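The values are calculated or read from the model by the stated rules, or taken from the named source; none is laboratory data. Fair warning: this is a prediction, and the values are worked out from it, not measured in the lab. Cβ placement follows ideal geometry from the backbone for every residue including glycine, while neighbour counts extend to all protein chains displayed.
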Amino acid sequence: MIDTRGFRQTVGQFATGVTVIATEIEGTVHALTANSFTSLSLDPPLVLFCVGRNTRTGQLIDVGARFCVSILHEGQRDLSTYFGGGWKDEEPPPFAFVKWHDSPRLDGSAAALSCLVEAVHEGGDHWIVVGRVAAFQRREDDVAPLIFHAGRYFGLASEPRT
């Protein structure tokens, strides 16, 4: 028997970037923080993320739906906490979603990908959602990414690229 807490702490040693996945269903934006995101294929351009089966978004995501992956920068830690369900303040942090290629993009993110759900696969207590990229954008001002490791957020200390 695998100790689930120990397993989570072990895989938490893998540092990841942080994203907010958002979809709009019947006029309502549903969003969640996800670090289980990766590129999958260049041709065709595919990405994937994993979402808990019992989450609100996990129950709503379906083949053919549109979603947006907003990649967060280190100044967006509060948004990660908020969309991850750990926000403790009465008022949410300031944010806005903008309609972009038929999906809700989190304004101000480091980069974004608008996608169409191509497939949803079972993955234990999660869904593995494969999306075909329809559009992408990234900021040109070289913001540092938000990093998540061992249950904590980090910034990336490095010299700016030239």
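Listed values, structure above:
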quantity: Residue tally, condition more than 21 Å from Phe97 (Cα to Cα) and of a type in the set (Ser, Thr, Tyr), over the stretch 1-35; calculated: 3
quantity: Test: residue in the stretch 95-106 that is at pLDDT 95 or above, farther than 16 Å from Ile21 by Cβ and outside any strand (DSSP E or B); calculated: yes
quantity: Filter result for Gly155 (touching a helix residue (DSSP H, G or I) at 6+ places or on another chain (Cβ under 9 Å), closer than 21 Å to Phe14 by Cβ, exposed (fewer than 13 other Cβ atoms within 10 Å of the Cβ) and not basic (Lys, Arg)); calculated: no
quantity: Near pairs, Cβ below 7 angstrom, 6+ apart or cross-chain, from the stretch 134-146 (within 18 Å of Thr16 (Cα to Cα) and modelled with pLDDT of 90 or more) to any residue that is of a type in the set (Ser, Thr, Tyr) and not in a loop (DSSP other than H, G, I, E, B); calculated: Leu146/Ser80; Leu146/Tyr153
quantity: Exclusive hit being in a strand (DSSP E or B) and either more than 17 Å from Ile25 (Cα to Cα) or out of contact with any Lys or Arg (no Cβ under 9 Å at 6 or more places or on another chain) (or both), set Val63, Val120; calculated: Val120
quantity: Sole exception among (1) within 17 Å of Gly151 (Cβ to Cβ); (2) in a strand (DSSP E or B) for Leu40, by number; calculated: (1)
quantity: Leading residue by the ranking (surrounded by the fewest Cβ atoms within 10 Å (Cβ to Cβ)) among those in the stretch 32-78 that are over 12 Å from Ile21 (Cα atoms) and of a type in the set (Gly, Ala, Ser); calculated: Gly64
